[in-house]
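The values are calculated or read from the model by the stated rules, or taken from the named source; none is laboratory data. The model shown is predicted, which means the values in this text are computed figures rather than measured ones. Here the Cβ positions follow ideal geometry from the backbone for every residue, glycine too, while neighbour counts run over all protein chains shown. We work out accessible area using only protein heavy atoms, side chains counted, and drop any ligands, DNA or RNA first. Shrake-Rupley method; radii C 1.70, N 1.55, O 1.52, S 1.80 Å.
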Amino acid sequence: MDDGRPIFLQIAELLENSILDGSLIEDTQVPSTNELAAFHRINPATAAKGVNQLVDDGTLYKKRGIGMFVAPGARERLRGRRREEFARQYVQPLLAEARKLGIDPTELKKMIDTWEERR
């Protein structure tokens, strides 16, 4: 909780990451805002703002009197959104730079494969 971004966004991202990695599966209850606040030592209203953002975008749903739960299809929707963000943030600039350097897509793929093999 200290990377310079608003804390509520970091809380939302932590929950999203738990959904993406399978720690939180569809229709399972997520930690309450009070639990999140206590664990991260933040104001409960800040935790609630992060959780409510996920409710607003359909990632979580509320069961009145019980708590918040992971919405059906949330993992796939998050994965799709994150893939689009990844392409916009990384792939688009990579392709633009490759074009400037005269690297065609086939050569770029070979470069990526070579780097992957070195891992």
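Among the numbered criteria (1) open to solvent by 30 Å² or more (accessible area, probe 1.4 Å); (2) within 17 Å of the chain's Cα centre (by Cα); (3) under 24 Å from R75 (Cα atoms), which single criterion is violated by T28?
(2) is the only condition that T28 fails.
Can you report the number of residues in region 43-59 which are under 17 Å from the mean Cα position of the chain (by Cα), under 12 Å from I11 (Cβ atoms) and free of Cβ contacts under 8 Å to residues at least 24 places away in the same chain?
1
G80: open to solvent by less than 100 Å² (accessible area, probe 1.4 Å), closer than 30 Å to A48 by Cα and free of Cβ contacts under 8 Å to residues at least 12 places away in the same chain, yes or no?
yes
Can we say I42 is crowded, with 16+ Cβ neighbours inside 10 Å, out of contact with any Asp or Glu (no Cβ under 8 Å at 6 or more places or on another chain) and in a loop (DSSP other than H, G, I, E, B)?
Taking the combined requirement at face value, the residue satisfies it.
Given (1) over 30 Å from D2 (Cβ atoms); (2) open to solvent by 100 Å² or more (accessible area, probe 1.4 Å), identify the lone condition not met by R119.
All conditions are met except number (1).
Scanning for something part of a strand (DSSP E or B), farther than 12 Å from I19 by Cα, over 11 Å from the mean Cα position of the chain (by Cα) and of a type outside the set (S, T, N, Q), does region 77-92 turn up at least one residue?
no
From the list G4, G102, which one is assigned to a loop (DSSP other than H, G, I, E, B), at pLDDT 95 or above and small (G, A, S)?
G102 is the lone residue from the list that is assigned to a loop (DSSP other than H, G, I, E, B), at pLDDT 95 or above and small (G, A, S).
Considering only residues that are assigned to a loop (DSSP other than H, G, I, E, B), open to solvent by 70 Å² or more (accessible area, probe 1.4 Å) and touching a residue at least 12 places away in the same chain (Cβ under 8 Å), which ones fall in region 60-76?
If the condition is that a residue be assigned to a loop (DSSP other than H, G, I, E, B), open to solvent by 70 Å² or more (accessible area, probe 1.4 Å) and touching a residue at least 12 places away in the same chain (Cβ under 8 Å), then I66, P72 are the ones that fit.
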